[in-house]
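Where a number appears in this text, it was derived from the coordinates with a stated rule and is not lab data. All figures in this text were calculated on a predicted structure; none of them were measured in a lab. Neighbour counts are summed over all protein chains in view; Cβ atoms, including those assigned to glycine, are modelled from backbone coordinates with ideal geometry.
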Amino acid sequence: MSDLTGRTVELLRTMIRNRCVNDGTPTSGEEVRNADVVEATVAGPGVEIERYDAAPGRTSIVARLPGRDPAAPSLCLMGHTDVVPVSPDGWTHDPFGGELIRCPDGIDEVWGRGAVDMLNLTSSMAVVFRDLADRGFRPRGDLIYFAVADEEAGSAYGARWMAEHHPDAIRADHVLTESGGLHTGSAEAPRISVSVAEKGVAWRRLTVRGTPGHGSMPFRMDNALVTAAAVVQRLAEYRPPPQFHELWRNQVAAMGVPDELKERLLDPAEIDAALDEMPSAALATHLHACTHTTFSPNMLTPGAGGRMKTNVIPDIVEIDVDIRTLPGEDGDDVAEHLRTALGDELVERVEVGTLIDDRASISRTDTALWDALRRAIEVPFPDARLNPQFTVGFTDARVYREMGAVAYGAGLFSPALDPADFARRFHGHDERIDVESLRLTTELWERVVLDLLG
Ligand SMILES: [Zn+2]
């Protein structure tokens, strides 16, 4: 193991053990623990560091190696420091042990929550930043390392808060963050995924009202929970028409499926039937999300500080709906979808509140950052081509794209990793990363920085 990779491994293990678990409540996360260790990692002569607390314990760190040319474009390496909760029963090893384990096939892996989402990247970025500073590297434009809190719950105490309160502290022309670096295609002609676009996030809270009463006398009562159930059912059954964004054709072309299926996936009149008939539900789910606005009613709670009780007919119920929009759609489109899904009668029964309203975002690929990334990936994989991806989840890249930056989700993983298997580790059981992938990613960041800012 090289010295640099070894430092990434150790920092990653420490960050996993810090268990900065973000469950969506304002006091969770406690990212200050990971902020402290990354600050200690990047601090040193020539490095400017600022700490920001969006709320107690919700600390983000911005470290900067000032550029020698104020007019030259800057690069930000951005990693979030929080992780999602675990269900420990599903794990083979302690999810917060940060253990380094050798598998039976001889591969060394770091285990624990955050090993792929995304403490692997956050730690390797910090190690590279520190190494460049130690070597006396003076970048052309500013090199920024941004360790950010609260990505997993929508960024209100992280990137979104920073963009609103301290935009100049994080502003950058180019940004690298999570969600890329997987190999697809053949070993002779590999393609490496780079995330260049994301769906929009339009979380809504639907409030349904009824009339309270005694549970012993339900006949002809207006039970808000019964109305909410109808709303949930309509959302689950809603089938909005497909829409093809500009990366869809490329995505289909790169898929290892028969040509006949590819044609159907590119035909707006055929794709829905093709997805219905697809043997792999997991693949159909993903391809559906790539081509449709989606509505997932995920949370139902008593409204207005009330509570539900077995013998009380509830008068107010809230339904949180995770809506993800396609490029070009805005809040008006979301309202129109809801009207269509619920129908005229039911839509009158709900008040729609906005929890998050971030539009889909996309970065161009004819950029200096893209070219630097390509050259850096070609060093270990000379035949590889970059494969621009549309991501159905969100990352903090969307905040930067709104600010005008070119932002990519990148990384570089071992060719042995199966993309479908890897995807299941995100927010799943037995999250882990092999040391070879940590080496490839660490070296990738260093090459990109030297190429772009050298
Ligand atoms: Zn993440």
Exercise. Under a point-charge model restricted to the Cβ atoms of Lys and Arg (+1) and Asp and Glu (-1), what is the dipole moment magnitude of region 75-191 relative to its Cα centre, in debye to the nearest 20?
Worked result: 500 debye
For this session: Within region 327-377, report the GluC sites (Glu not before Pro) that DSSP leaves as loop and that have at most 11 other Cβ atoms within 10 Å.
Result: Glu348
For this session: Please work out the FRET efficiency for the pair Val352 and Glu48, using the Cβ-Cβ distance as r and a Förster radius of 41 Å; give the result to the nearest 0.05.
Result: 0.40
Exercise. Hey, any idea what Rg/Rh is for the chain, computing Rh the Kirkwood way over Cα pairs?
Worked result: 0.99
Problem set entry | Check: region 312-454 dipole with +1 on Lys, Arg Cβ and -1 on Asp, Glu Cβ, in debye | 840 debye
For this session: Give me the distance in nm between label points sitting 7 Å out from Cα along the Cα-to-Cβ direction at Thr25 and Val226, one decimal.
Result: 3.4 nm
Exercise. So, in nm, how far is label Ala273 from label Ala253 when the simple model puts each one 7 Å beyond its Cα toward the Cβ?
Worked result: 2.7 nm
For this session: Would you please give the FRET efficiency between Ala282 and Ala189, computed as 1/(1 + (r/R0)^6) with r the Cβ-Cβ distance and R0 = 35 Å, to the nearest 0.05?
Result: 0.90
For this session: Place +1 on the Cβ of every Lys and Arg and -1 on the Cβ of every Asp and Glu in region 200-354, take the dipole about the Cα centre, and give the residue among Leu275, Val352, Val317 whose Cα lies farthest towards its positive end.
Result: Val317
Exercise. Suppose R0 equals 22 Å; then what is the FRET efficiency for Ile107 and Ser87 from their Cβ-Cβ distance, rounded to the nearest 0.05?
Worked result: 0.30
For this session: Report the one residue of Ala54, Ala159, Asn22 whose Cα lies farthest in the direction of the positive end of the charge dipole of the chain (charges on C-beta: Lys and Arg +1, Asp and Glu -1; origin at the Cα centre).
Result: Ala54
Problem set entry | Magnitude of the charge dipole, the chain, Cβ model with Lys/Arg +1 and Asp/Glu -1, debye to 20 | 600 debye
Seminar exercise, completed: By Cβ neighbour count within 10 Å, fewest first, Asp131, Asp89 rank Asp89, Asp131
For this session: Kindly identify region 159-212 as rounded, prolate or oblate by the Cα gyration tensor criterion: order the square roots of the eigenvalues as a ≥ b ≥ c, call it rounded if a/c is under 1.5, otherwise compare a/b with b/c, prolate if a/b is larger, else oblate.
Result: oblate
Exercise. Over all distinct Cα pairs, what is the inverse of the mean 1/r for region 200-354, reported as the Kirkwood hydrodynamic radius in Å?
Worked result: 17.5 Å
Exercise. Looking at the square roots a ≥ b ≥ c of the eigenvalues of the Cα gyration tensor of region 1-117, which shape do they give, rounded for a/c under 1.5, prolate if a/b is larger than b/c, or oblate?
Worked result: oblate
